[in-house]
1. If you check every pair at least six apart or on different chains, which have Cβ atoms under 8 Å apart with a residue in region 20-49 that is over 20 Å from ILE61 (Cα atoms) first and a residue that is open to solvent by 60 Å² or more (accessible area, probe 1.4 Å) and part of a loop (DSSP other than H, G, I, E, B) second?
2. Does GLU149 fit the bill of being in a strand (DSSP E or B), of a type in the set (Asp, Glu) and within 20 Å of GLN14 (Cα to Cα)?
3. Where the second residue is open to solvent by 50 Å² or more (accessible area, probe 1.4 Å) and in a strand (DSSP E or B) and the first is of a type in the set (S, T, N, Q) and lies in region 72-93, which pairs have Cβ atoms under 6 Å and are six or more apart or on separate chains?
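The values are calculated or read from the model by the stated rules, or taken from the named source; none is laboratory data. Keep in mind that what you see is a predicted model, and the values were worked out from it rather than measured. Counting neighbours? That spans all protein chains shown, and the Cβs are built from the backbone with ideal geometry, glycine included. Accessible surface is based on the protein model in full, side chains and every heavy atom, while ligands, DNA and RNA are left aside. Shrake-Rupley method; radii C 1.70, N 1.55, O 1.52, S 1.80 Å.
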Amino acid sequence: MDSYLIEENKLTLQVKKSPLFIRSMLFLFSFLSFLLPLGGMIGYMAINKGFHVSFLIGLFIFSLMGIYLLRIALWNTYGKEEITFNGKHISYLVDYGWFKDALKVKEIDPICYSSKPIELGDNNQAVLVIGGNEDKFECVTRIPTIEIEKLIAELNIVIDKH
């Protein structure tokens, strides 16, 4: 199965899903980061001990952790990168499934494609790099080296036609 899809002037890079156990643990800890501090605060107030400002601080810190874990869980479940080519303008959007990052647009001249090997872990994976030295987009989706070479060849043919 290819981890990318090219439609006219749009490239979609799909993230390979991590194992179900890992994703379920990420979702579990993410939701517990929201629910446990809230439940503790409500329980403490229910036994007539009152309200403390430290509840809000704890709720804030655990909410930040929960949002970060939720983002990682969504990326490993539904994550994809959408790159749209419009002449020399390239739009880059990261889609987490439940929400999307801000759209980034750059003018890249000339448009060229290369791969950057992943230094950690698996040696036969790389990421796609679009652009030159200064103006470039470096994708984060890991793709096997053989597949990324095939992708670059297709991009040189398909995208250059548009």
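1. Close Cβ pairs (under 8 Å, with a partner that is open to solvent by 60 Å² or more (accessible area, probe 1.4 Å) and part of a loop (DSSP other than H, G, I, E, B)) amount to ARG23/LYS17.
2. Considered against the rule, which asks whether it is in a strand (DSSP E or B), of a type in the set (Asp, Glu) and within 20 Å of GLN14 (Cα to Cα), GLU149 comes out as no.
3. THR84/LYS10; SER91/VAL105
Each row is one residue, and each column tells you yes or no for (1) aliphatic (A, V, I, L, M); (2) open to solvent by less than 50 Å² (accessible area, probe 1.4 Å); (3) closer than 23 Å to SER30 by Cα.
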residue: PHE85; (1), (2), (3): no, yes, no
residue: GLY97; (1), (2), (3): no, yes, yes
residue: LYS116; (1), (2), (3): no, no, no
residue: THR141; (1), (2), (3): no, yes, yes
residue: GLU147; (1), (2), (3): no, yes, no
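Okay, residues lined up against (1) part of a loop (DSSP other than H, G, I, E, B); (2) farther than 30 Å from GLU138 by Cβ:
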{"site": "SER18", "(1), (2)": "yes, no"}
{"site": "LEU26", "(1), (2)": "no, no"}
{"site": "PHE29", "(1), (2)": "no, no"}
{"site": "LEU35", "(1), (2)": "no, yes"}
{"site": "ILE42", "(1), (2)": "no, yes"}
{"site": "ASN48", "(1), (2)": "yes, yes"}
{"site": "SER54", "(1), (2)": "no, yes"}
